[in-house]
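**Student:** To start, I am sharing the structure in question, which I have written as structure tokens.
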Amino acid sequence: MPDHSHRHEDHVGHKVLVVNNSNVIQGDNGTSFFPPQGPTIAVCDVLLKFHQGTHSPDAFTNNVHELLFNQRCVGSNGGPVTEARYNAMIPLGRPGGFSPSECPGFGRPFINVAPPVPADSPSDTRSLGRLIAETGCIDAIREGRTHFDPLYPNPVPFTVSDMDDFWFSDVQVTGSGLDFHLAPLFYVVNPSRYYDPSLPNRMGRIVDLCYTDLAGGDYCAEARQVTQQTGQQVGWNDPRSPFKGTLREYRPGTFSVRNSGPSTVYTDVYGRNASTTPFPGSIEQYSTGNTGSEMYVRGSIKDYAATGVHAPN
């Protein structure tokens with residue numbers, strides 16, 4: 001690629017997920033917290049690596065992040081076998097900004113921040129993109145606004161523990177007999193940073209909010225308990241901080257393969273311009289089989305925390 005298209009990613013924020021025997025349920029479209037009741041139509045094995053830093057201001061503007069994706073699905077009762085190995089820099093929403101997360105509520109206007117790197121980053125207009133906690137959530141907490149939590153029967157107040165990251169994408173590779181579609185979700189329950197345009201780097205540390213009038217929620221209670229024991233405020237990069245970016249849910253999400261051509265094609269770094277022959281800077285993509293209709297693969301929730309682990313990671 002020319003120099004203006006370089007995208008440098010730090011070594012932290014890269015996470016690997018391995019899930020074997022993930023059941024695909026008929027009628028599941030991912031809109032509910034729990035999968036619906038119904039028959040299993042396929043079983044999938046997943047191996048992916050994704051770059052999702054939730055410790056720095058990078059994602060406030062930069063929407064392009066690396067995904068290494070491998071998935072093999074076997075249809076129930078001797079159904080078809082489909083497999084895909086897809087590697088690309090995928091766009092997650094629009095470049096140059098992001099949208100607010102679940103607190104104060106999905107669907108609020110896009111927040112323009114700054115030019116992205118690279119300047120020619122492609123835009124993903126089919127998904128919700130990157131939903132990141134920002135100062136609108138602080139206002140919602142102070143005002144006592146509530147939201148629906150699937151784990152509770154009645155609406156519950158927003159707390160600092162609700163300052164999550166949800167990253168969505170919608171990628172497709174077409175051409176040379178291949179139609180591959182993937183719409184994944186990458187969810188981080190405990191990021192360490194939030195967006196505040198009044199602060200240096202436009203970034204605040206969520207754990208610091210636990211020592212203000214906003215204190216509330218299980219994570220803040222955990223941080224303040226450490227402070228009661230030590231007499232010191234928990235720092236954002238302290239292993240004892242509950243906001244360390246380790247609790248993540250990765251869903252491959254909507255998945256389909258329809259391949260009437262060769263099993264291997266070549267694309268550019270963004271997964272575009274599929275060709276049966278390699279070209280300068282191309283990436284090899286592999287897929288076989290035919291899913292028929294699209295399926296929804298749930299993936300797994302994993303906590304990457306261990307002794308001594310802290311943000312950034």
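**Student:** Summing +1 for each Lys or Arg and -1 for each Asp or Glu, what net charge is found among the other residues whose Cβ lies under 13 Å from the Cβ of G136? Please list the in-between numbers first.
**Tutor:** Values: positive: R108, R142, R145; negative: E102, E134, D139, E143, D162, D196.
Counting the neighbours of G136, the net charge comes to -3.
**Student:** Also, I was wondering about something else. Pick from A114, A215, A88: which residue has the top mean-square fluctuation in a GNM of the chain where Cα pairs under 10 Å get a spring?
**Tutor:** Answer for the Gaussian network model of the chain: A114.
**Student:** Right, something else. Cross-link candidates for K49: which lysines have Cα within less than 16 Å, leaving aside residues fewer than 8 places away along the same chain?
**Tutor:** K49 reaches K15, K302.
**Student:** Any chance you could tell me what percent of the C-alpha pair distances in the stretch 3-303 go past 37 Å?
**Tutor:** 19
**Student:** Determine the gain in length on full extension of the stretch V156-S76; use 0.36 nm per residue of separation and subtract their C-alpha separation, reporting nm with one decimal.
**Tutor:** Net length gain for the segment: 24.8 nm.
**Student:** Distance between the C-alpha centers of the stretch 282-308 and the stretch 54-124? Whole Å please.
**Tutor:** When both Cα centres are located, 13 Å separates them.
**Student:** Helix 218-230 sits at what angle to the longest principal axis of the chain, using alpha carbons and giving 0 to 90 degrees rounded to 10?
**Tutor:** 50
**Student:** Taking the chain as a Gaussian network, where each spring joins two C-alpha atoms under 10 Å apart, which residue of T146, T264, T277 fluctuates the most?
**Tutor:** Most flexible of the set in this elastic network: T277.
**Student:** Run the dipole for the stretch 231-313 about the Cα centre, Lys and Arg Cβ at +1, Asp and Glu Cβ at -1, nothing else charged, and hand back the magnitude in debye, nearest 20.
**Tutor:** Result for the stretch 231-313 is approximately 180 debye, rounded to the nearest 20.
**Student:** Suppose only helical runs count, i.e. DSSP H with n ≥ 4. What mean residue ellipticity at 222 nm does that imply for the chain under -39500 (n - 2.57) per run, divided by all residues and rounded to the nearest 500 deg cm²/dmol?
**Tutor:** -2500 deg cm²/dmol
Where a number appears in this text, it was derived from the coordinates with a stated rule and is not lab data. Small disclaimer: the values here were computed from a predicted structure and weren't measured. As a convention, Cβ positions derive from the backbone with ideal geometry for all residues, glycine included, and neighbour counts pool all protein chains shown.
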